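Note sheet for the following structure.
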């Protein structure tokens, strides 16, 4: 079935970090591992101008709680409650079990939290307060014993952003480090300032942070290697063009490399949105206006399809991080769509709600990774450990079969370990 590109744009480069970024991050991580805390302190001073305490003291957190307006604290508490309750429901949907697979052969699954989680919270152009709630709450609900947060400390605000301190504390952080960038990721991975090396590091960040996580993957677990934020809207003739355009612009403000896409079955809606998006982008304050305008110009697309089936195919092909549906028959779309980070159904359900307060986690796969994985969730912090036990009688039944398969594969040692369980050695 045909699709028409009303506005066509280049697709983001998904090939990974540039050689310059890769080399720079490798150098930083090598220096941090060799030089330890002294090197991290020097990098914090060089890049963030921070030479104060690396570990945030309890008194500083209490001062931040007192300093923030009551409405801000109340808003954080409401968002935390939604995120916590959703994560708790996720946790309760997972279960340990044991099953008798054959007489005398019992196997099972345990769910064991990782010991230490490192949660990175960016605070550069945006102070990602919601990210603190998302990552720390989810790891806490999963039962992680030690949750360490790292977020940039800067002299112009007296350390870590106060709202991030309050959010992280509310969500259950055990330690908060005033660190940003690669030095933060290195400190989390190597256990600097805490003596607790992270088993997993989660949270968004810039290209350097993403590359640091990529290079450390294997040594530690990670959530995702995130690229620029991306968002798609699926809409039909029932959608309001103004809402569609505003929602596209709201996601384009993340940065000049953040793609936003509209896929619609309505030529009229496509024309209206193409006209409105530049208007709404220019109306934003700077630097959001420049980011949204550039993102739309460079990466924005509008695609018109003849049928909703073809629109769904386009969406699954792109596998967007955020996917909004502004159509009739929302249940059809919920059942049909399969490749996305998180789904937002109906005109009232904007991505902003999911990013900040609704409950499902906002750390999501980008760059078409939604074809094979979902977003951050309690399972990321839980190990699914299997076990098995069998009686002598069950072992005698399993042994000849396992021995024959082992010899088929040419693994005589394995075969003899099975043979001895049936008295042949």
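Derivation of every value follows stated rules applied to the coordinates shown; laboratory data play no part. Treat the numbers as computed from the prediction; the structure is a model and nothing was measured. Reconstructed Cβ throughout: ideal geometry from the backbone, glycine too, with neighbour counts over all protein chains shown.
A few points about this structure:
- Subtracting the Cα-Cα distance of residue 88 and residue 345 from 0.36 nm times their residue separation leaves 90.3 nm of extension gain.
- Once you reduce segment 183-203 and segment 142-167 to the center of their Cα atoms, the two points are 14 Å from each other.
- Cβ-derived FRET efficiency at R0 25 Å, residue 115 paired with residue 58, nearest 0.05: 0.65
- Rg/Rh ratio calculated on Cα atoms of segment 206-295 (Kirkwood radius): 1.13
- Extended-chain gain in nm, criterion 0.36 nm per residue less alpha-carbon gap, residue 38 and residue 401: 124.9 nm
- Computed packing ranks the peptides 128-140, 107-119 as 128-140, 107-119, most packed first, by mean other Cβ atoms within 10 Å.
- Length released on extending from residue 3 to residue 353, taking residue separation times 0.36 nm less the Cα-Cα span: 122.9 nm
- Evaluated at q = 0.07, 0.11, 0.13 Å⁻¹, the base-10 log of the normalised Debye intensity for the chain, with identical point scatterers placed on the Cα atoms, takes the values -0.42, -0.90, -1.12.
- The chain: antiparallel DSSP beta bridges as a percent of all, rounded to 5: 40
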